[in-house]
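First up is the structure itself, then whatever we jot down about it.
The values are calculated or read from the model by the stated rules, or taken from the named source; none is laboratory data. These figures come from a predicted structure and were not determined experimentally. Ideal geometry is used to build each Cβ from the backbone, glycine not excepted, and the neighbour counts take in all protein chains shown.
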Amino acid sequence: MNNDRSPAGQAGVLAEVRRALGHTQTVRPEPLEPFVEEPAESRVEELIARFTAELRAVGGQAHRVISEGEAAALVARICAEAGGGGVGLSGSPLIAELGLAAALATGGLAPFPVADFAPSERGRLIMRLECCGAGVTAADYAIAETGTLVLTGDEEGALLASLLPAVHVALLRPRQIARTLTEVVAGLRRERMGRAAPACRSATFITGPSRTSDVELVLSIGVHGPKQLHVVILGE
Amino acid sequence: MRVSVFVTCLVDQLFPRVGEGAVETLRRLGCEVAFNPAQTCCGQPAFNTGYRPEARAMAEHFVEVFERERADFLVAPSGSCTAMVRNFYPELFHAHGDERWRARLESVRSRLREFSEFIVRELGVEDVGARFEGRVTYHDACHLLRELKVSDEPRRLIRAVRGVEFVEMESPDACCGFGGTFSVKYAEISDAILREKLTRIERSGAQYVVANDSSCLMQIAGGLARAGSSVRTIHLAELLASR
Amino acid sequence: MSHSEPDLTSRSHAALGDPVLQRALGNATATFIERRRESVATVPDWQALRERARRVKEHTVNHLDYYLEQLVGRVEELGGIVHWASTGEDVSRYVVGLARARGVRVVVKSKSMTTEEIELNHALEAEGIRPVETDLGEYIIQLARERPSHIIVPAIHKTREQIADLFAEKLHVGRAQEVAEITAVARARLRQEFLSAGMGITGANFAVAETGTIVLVENEGNIRLSTQVPPVHVAVVGIEKVIPSFEDLSVFLRLLPRSGTGQKQTAYVSFLNGPRRAAEAAGGGAEGATPETEFHLVLLDNGRTRILADEQMRESLYCIRCGACLNVCPVYQKIGGQAYGWIYPGPIGAVISPQLQGLKEAGELPFASSLCGACREACPVAINLPDLLLALRAKVKEGGGEEPGARNTAERASMRAYAAMAKRPKLFAAVGRLMRGLGRLAEKGGRIRRVPFPPLSLWTKYRDLPAPPRGGSFRERWKKGEGKE
């Protein structure tokens, strides 16, 4: 379908907008001055502590490990507890570094890389992930003040692997944790959403497991998205 | 300090003791108090119901009456009427050609104060030497609170009254449900809102409800009486005039 | 737009007489108020954020033509398809046409007030396409064939027992005992729908002009599923949702969750840049990646340009649909959302419904307010709701579509009379004296319990009136010297 440039379409609404504003033509306005806020300085340990506390407050589970071996063992344990059906692994290099595929396979957990599915096989990938007990991804950023993970479309298959299985395990390095939303928004803008950047990817903020209070304002965890969110903070 | 009092039509006609309490209190604090009998109504009922031409006519009369007053301040025992003049009159005189009116209005607006605002912020007084025995709670009238930003001053004045035991009710800033003609146009809703207020008053254990607006007090008193409650309403001006 | 009852008074009466609804409303609004208060307290300078947000909205709305053009240009560069819709019918025609062309039988929908405003589901159903609401609250009211009672929690007026009965009846499942069971039933049922749907339809919370990004906030995950699984995504977005730059999101994404649900952040925020693209090979960078799915942005006017044309009313368009004004409104707290008769309830509903639907249809809404101002205080973009309500009242009285009738004629006549009296102090005093005399006839034991004719009969139906003062009015007593010590 082509874009609607017909008189009844764009000319219609946009013309009405101009008329309403008394503009004979569209003119580029002076942009607003930037909104300046005090940048916050935080040490890494503070950020980890804050992120952990906020994540737990919204029902997520935070784990701190130092070595890669510990990380692999922990992820394997979480996935085992998540039940059978397989584990979907996103294309993050960190997952390869940790040797997670091998670690999970050893535990009989049937891991598979999401990258195994070609783009044209998306429907099959979705069905496969539907059967999985867990999905494992990394993250691109995290926000300490709200316990938020940020996944972007750069990480292959991360968005689906973090959405369809009932358990989502995310790997995070301390240096990825920013203190505020403002910092992350600026980072995303700079690195992914600007004109100069590569063609945009989508991004998703994840703050705890899926939830609703639609019935009598009673909190229910795990509606359409994952019921459990585990964040494994790896390293110093 | 010379003060001219804007009693408001409701106080003038239905609650004269409120006006007298205000005058007495102001005199006790050393003010010379005048009253211009040419005053009638600020026009709020018309404005709030959407009748701007009528409200404008009443506003013009108001300006004509009060610009003549040679007083340092104009004082009103009503937050909503004070807000009407200070915050809403400019909308009635915003047209081209209203420049002269705006200047005349400014001389009136700039001198107008609500009663508690005047005593605390202009006279710098919190203890007016009053005495009143009873457990008292305070209702924040909406326009006083949100249009004039007055909430601390009345409380300080009440606490300074000898013999008063002051108790805060839950959500003292919750609307009483009056809202002018809303109270009859949507009487059932107005009453439902009022009942929430009455429940909170009862739970506070107060014997008296104080407010700075006779309209709110009329609504609250009307509900208390209908419910057969022994709780009484009293305007701040009456409370401060008590000895 | 069908109402169950013809006017606000009768709909309110039904609401006020419903104890289940009253309890639900009281609980929900009080809870949201408390959660909002707690989460706002975690922001060091909430007022600064509000002021900035208002400033951004004001700037955007005043240059809406520029920012819409910029948004459209970016979305198209990203491979999205843009459709401009003047009316709801334009949207329905486009969406139905697209669905037909793609062979879509089932559409999954996330909560979108804009699509409810234009009754899109109706149009789809009429063409044999099945729209499935996926937000749990919306799913419930879709099954029940009801209107939402709250912007954020649309089914709050229903108890868990009522919902369990509804599911048992409509979904042919066993009757759930717990809330968790209800949720599990919805999860399982709707998962099947997500997996088989040919199209996902959402609204948008924000549309960033600078980058062409559509931003959607949610807690359940149904928006992520609706936009990630089906091959076609359509976002129906009011033209007022656009914001200038990506960085503005750092302000709005702090204001919206706290104002709406009292959360510091919702479970998910999706930032969508055009259609989904095939994953790239190891090199990264997606230049040249072909879209594997379709993204359609439908920009809706439906009367918003009319609001835009009125310089005073223009700030109605700043609204970010958070629902904060509902929770603090003493009227909404008592009557709930359905009593407002249309899609948008509460103070913002009383402001935009008359403008979108017309004064004839919704002109009584602005009068159903005590003008307490709590809404303005709660609004994250500091919309001056009470002033807008007053402006609408004036428009109605200036011949904006009110029913001519005895009550309105009498009201106008008495206002005129009152204004005339107010300019004549002696007449004012005399009439006052007369009214007080009449009042004494109705007085019994210090109160007036009943006045037999309107409008005061409406007052005395519920409350007493004060007895007229003995001893005269203030001015009479002053004149007599009683005030002249």
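Please list, ordered by residue number, the helices (runs of 4 or more DSSP H) wholly in segment B:51-121 having 3 or more residues that are hydrophobic (A, V, I, L, M, F, W, C) and in contact (Cβ under 8 Å) with a residue 24 or more places away in the chain. Please lay out each step first, then the result.
Values: elements: B:52-67, B:79-83, B:89-92, B:99-109.
Output list reads B:52-67, B:99-109.
None of C:V91, C:V108, C:V61 is more than 8 Å from chain A (Cβ to nearest Cβ), under 24 Å from the mean Cα position of the chain (by Cα), surrounded by 18 or more Cβ atoms within 10 Å (Cβ to Cβ) and assigned to a strand (DSSP E or B) except C:V108.
Can you name every residue in segment A:211-236 that is of a type in the set (K, R) and over 20 Å from C:I152 (Cβ atoms)? Steps first, answer last, please.
Initially, segment A:211-236 is screened for residues of a type in the set (K, R), giving A:211, A:227.
Listed by number, the list holds a single entry, A:K227.
For segment C:435-449, the set of residues classified as loosely packed, with under 14 Cβ neighbours inside 10 Å and either within 11 Å of chain B (Cβ to nearest Cβ) or closer than 10 Å to C:L465 by Cα (or both) consists of C:M435, C:G445, C:G446, listed by residue number.
Would you mind listing the strands (runs of 3 or more DSSP E) fully within segment A:1-114 where at least 1 residues are within 25 Å of the chain's Cα centre (by Cα) and among the aliphatic types (A, V, I, L, M)?
Details: elements: A:61-65, A:87-89, A:111-113.
Qualifying strands (runs of 3 or more DSSP E): A:61-65, A:87-89.
When segment C:291-342 is filtered for residues that are in contact with an Asp or Glu (Cβ under 9 Å, 6 or more places away or on another chain) and free of Cβ contacts under 8 Å to residues at least 60 places away in the same chain, the ones remaining, listed by number, are C:R306, C:I307, C:A309, C:P330.
Name the residue, out of C:N327, C:N384, that is crowded, with 24+ Cβ neighbours inside 10 Å and not assigned by TED's automatic domain parsing to the domain that holds C:K241.
Working: C:N384 fails: crowded, with 24+ Cβ neighbours inside 10 Å.
Sole residue among the options that is crowded, with 24+ Cβ neighbours inside 10 Å and not assigned by TED's automatic domain parsing to the domain that holds C:K241: C:N327.
When we screen A:A20, A:A57, A:A49, A:A53 for residues that are within 30 Å of C:H83 (Cα to Cα) and of a type in the set (A, V, I, L, M, F, W, C), the only hit is A:A20.
The residues of segment B:123-134 that are touching a residue at least 60 places away in the same chain (Cβ under 8 Å) and not in a loop (DSSP other than H, G, I, E, B), listed by number, are B:R131, B:F132, B:G134. Counted as qualifying within segment B:139-243 are the helices (runs of 4 or more DSSP H) with 2 or more residues that are of a type in the set (G, A, S), namely B:187-204, B:214-226, B:236-241. Annotation: of all residues in segment B:114-140 being touching a Phe, Trp or Tyr at 6+ places or on another chain (Cβ under 9 Å) and either among the polar types (S, T, N, Q) or buried (at least 22 other Cβ atoms within 10 Å of the Cβ) (or both), the one that is farthest from B:A174 (Cα to Cα) is B:F118.
Applying the condition of being over 20 Å from C:R433 (Cα atoms) and within 7 Å of another protein chain (Cβ to nearest Cβ) to segment C:450-478 and asking which residue is surrounded by the fewest Cβ atoms within 10 Å (Cβ to Cβ) yields C:K461.
Of the listed requirements (1) modelled with pLDDT under 95; (2) buried (at least 19 other Cβ atoms within 10 Å of the Cβ); (3) more than 25 Å from C:R11 (Cβ to Cβ), C:V173 misses just one: (2).
Residues in segment C:113-139 that are free of Cβ contacts under 8 Å to residues at least 40 places away in the same chain, crowded, with 22+ Cβ neighbours inside 10 Å and in contact with a helix residue (DSSP H, G or I) (Cβ under 6 Å, 6 or more places away or on another chain): C:E133 only. With the condition kept exactly as written, say whether any residue in segment C:206-222 is more than 24 Å from C:V95 (Cα to Cα), more than 10 Å from chain A (Cβ to nearest Cβ) and buried (at least 17 other Cβ atoms within 10 Å of the Cβ). There is no residue in segment C:206-222 that is more than 24 Å from C:V95 (Cα to Cα), more than 10 Å from chain A (Cβ to nearest Cβ) and buried (at least 17 other Cβ atoms within 10 Å of the Cβ).
Filter segment C:177-186 down to the residues that are facing chain A (nearest Cβ under 10 Å) and either surrounded by fewer than 22 Cβ atoms within 10 Å (Cβ to Cβ) or in a loop (DSSP other than H, G, I, E, B) (or both) and list them by number. Outline the logic, then answer.
Kept after step one, since they are facing chain A (nearest Cβ under 10 Å), are these residues of segment C:177-186: C:178-184, C:186.
C:E178, C:V179, C:A180, C:E181, C:A184, listed by residue number.
If the condition is being surrounded by 24 or more Cβ atoms within 10 Å (Cβ to Cβ), within 12 Å of the chain's Cα centre (by Cα) and either within 11 Å of another protein chain (Cβ to nearest Cβ) or not in a helix (DSSP H, G or I) (or both), then segment C:332-374 contributes C:Y332, C:G336, C:G337, C:G341, C:Y344, C:P345. Take the residues of segment B:39-50 that are out of contact with any His (no Cβ under 9 Å at 6 or more places or on another chain) and not in a helix (DSSP H, G or I): which is surrounded by the fewest Cβ atoms within 10 Å (Cβ to Cβ)? Among those residues, the one meeting the criterion is B:T49. Is it true that some residue in segment A:27-37 is in contact with a Lys or Arg (Cβ under 9 Å, 6 or more places away or on another chain) and either facing chain C (nearest Cβ under 9 Å) or loosely packed, with under 12 Cβ neighbours inside 10 Å (or both)? Yes. Could you check segment C:77-132 and list, in sequence order, the residues that are within 28 Å of C:P244 (Cα to Cα), touching a strand residue (DSSP E or B) at 6+ places or on another chain (Cβ under 6 Å) and of a type in the set (D, E, K, R)? Within segment C:77-132, just C:K109 meets the criteria. Are any of the residues in segment C:64-73 within 8 Å of another protein chain (Cβ to nearest Cβ), assigned to a helix (DSSP H, G or I), acidic (D, E) and more than 25 Å from the chain's Cα centre (by Cα)? Within segment C:64-73 (the criterion being within 8 Å of another protein chain (Cβ to nearest Cβ), assigned to a helix (DSSP H, G or I), acidic (D, E) and more than 25 Å from the chain's Cα centre (by Cα)), the answer is yes, since at least one residue qualifies. If you go through segment C:292-313 and keep only what is part of a loop (DSSP other than H, G, I, E, B), touching a helix residue (DSSP H, G or I) at 6+ places or on another chain (Cβ under 9 Å) and of a type outside the set (S, T, N, Q), you end up with C:E292, C:D301, C:G303, C:D310.
For segment A:106-132, which positions are away from every other protein chain (no Cβ under 14 Å) and within 24 Å of A:R173 (Cα to Cα)?
If we filter segment A:106-132 for residues that are away from every other protein chain (no Cβ under 14 Å), which is where we start, we get A:106-112.
If the condition is that a residue be away from every other protein chain (no Cβ under 14 Å) and within 24 Å of A:R173 (Cα to Cα), then A:P111, A:F112 are the ones that fit.
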